[in-house]
Amino acid sequence: MTYEYGRVINDADSHTMETADWLYDYLDTDELREKYGTLYRADKSGRVVSIIEKAKERSNDSEADAAAAENPIAGDKGWAAFGAFDASERTRMLDKYGFVSQLVFTTACLGAMKKADTDEEKYGLVRAANKAQQAFCNGDDRLVNVAYIPLDNPEMAFAEAKRAIDAGAGAVGIAPMPCGGRSPGHPDHDAFWTMLESRSIPFMIHIGTGTKTQDKDYHNNGRERAPDLHGGGENLRFSDFTNLCFAPQEFLTAMIYDGLFEKHPKLRGGVIESGAGWVPDFLDRLDYAFKSFKRTDPYLKDVDMLPSEYIKRAVKFTPFPGEDVGAMIAQAGPELFMFSSDYPHPEGTKDPVGKFEATMDGLEEETKDRFYRTNYDAMMNYNSSPAMAAA
């Protein structure tokens, strides 16, 4: 098989674009099915459902199917994309581009979870969403279900994380925020982190729940609110985009201060779709703060390494296409950054590889291979091989 980019690539970010009935069969009760079993009810125009139905018609139209499969990344995005919700199409997309492993995150289900009235409802929705995502991934070993686990209720979070991992989830998504009034290193979460470490399951921090956006009072500037022209999966505007880095920084700082990376030396994780140009400065500020406070802070006295060393050991980051990956690597090291397509969201652009390549002139092939392949391997406890490109 000849791959489009001539190399093996691990893709650290992709999504499903869920159909309206995506959750229905996986919800446990008639009450939950009645209340939450149909997505996009707020779309009174029916636009989303009509796009989905048109995309489904490809399976009966060989010409439309061939056209969509020719170059999916440069083609339609969102629900109309090739493999947006059809797992057999996604497999063909992986074949074409040489993505030998691809993390799969939900899109619409997070919004449904926010509407839950009780913990029982929330975790019922979480369970259904994770089951639906697993069903999408089950037909191809390259598709890795990232099970979303809200940490609000530690017992329910642990139970669902264990169930999802037992069912095949290869990573666990968590919101970069205090959940249930607790820091991530609170003792109530000990069993959760111990399970992730012992089973080599990485945590994933992804844009979405917990992401910091610009305070709404800043929108009161005497001007009409600008429309969302980008139209991406997360619907961000310029003033929100610049805040993306803050929630991951706060969360990772808490993990270090709470001693999680000290207590769990094999714990691994990723910060996905939050950009990465901020990472070199973040590492410098972590170390500066540590050196400034370690003599007086009793908790910092128990930390054996520089904070930046914990991050470099445990965490990987996905830059946005167009960010200067070469400069990030020069400033912070080659072990931190990895490729992502964000497929089929438009934020991933129609040529993510080309945009990344344009910033990596002069880098040795080994360094580029780390970005496209082996940093992901380290995060996922995976073992891809360059020989796969010639298979």
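All of the numbers you see were taken from the coordinates with simple rules; none came from a lab. Keep in mind the model is a prediction, meaning the values are calculated, not measured. Every residue, glycine as well, gets a Cβ built from its backbone with ideal geometry; the counts of neighbours run over all protein chains shown.
Sketch the reach of a paramagnetic label on D141 as a point 7 Å from Cα along Cα-to-Cβ, and name the residues of segment 150-180 whose backbone nitrogen lies under 16 Å away. It comes to 168-170, nothing else. Please list, in order, the residues from segment 143-165 whose amide nitrogen is less than 20 Å from a point placed 7 Å along the Cα→Cβ vector of E120. Taking a point 7 Å out along Cα→Cβ of E120, the residues of segment 143-165 whose backbone N falls under 20 Å are 150-161.
Using a simple spin-label model with pseudo-atoms 7 Å out from Cα toward Cβ, K216 and T296 lie 3.9 nm apart. Of the beta bridges in the chain, as assigned by DSSP with both residues counted there, near 5 percent are antiparallel. Between G111, G185, G275, the GNM of the chain built on Cα springs shorter than 10 angstrom shows G111 fluctuating the most.
By the rule of a C-alpha distance below 12 Å, with chain neighbours fewer than 8 residues away ignored, the aspartates and glutamates paired with K56 are D65, D86, E89.
Helix content alone sets the calculated 222 nm mean residue ellipticity of the chain: runs of n ≥ 4 DSSP H residues at -39500 (n - 2.57) each, divided across all residues, give -11000 deg cm²/dmol. The structure shown yields semi-axes √(5λ) of the Cα gyration tensor in Å, and of the options (i) 40, 27, 22; (ii) 40, 24, 17; (iii) 31, 27, 22 that calculated value carries the label (iii). About the centre of its Cα atoms, the chain shows a dipole size close to 480 debye [charges on the beta carbon of Lys, Arg (+1) and Asp, Glu (-1) only; nearest 20 debye]. Do any of K35/K131; K312/K368; K54/K355; K54/K216; K216/K294; K162/K263 go past 25 Å between their Cα atoms, and which? Cα-Cα > 25 Å for K54/K355; K54/K216; K216/K294; rest within. The alpha carbon centroids of segment 193-224 and segment 73-99 are separated by 26 Å.
On a full-extension model of 0.36 nm per residue, what is the gain between D361 and R313, subtracting their alpha-carbon distance, rounded to one decimal in nm?
Numbers: separation 48, 0.36 × 48 = 17.28 nm, distance 2.61 nm.
Full extension of this stretch gives 14.7 nm more.
For A67 and R285, the difference between the fully extended length at 0.36 nm per residue and the C-alpha to C-alpha distance is 73.6 nm.
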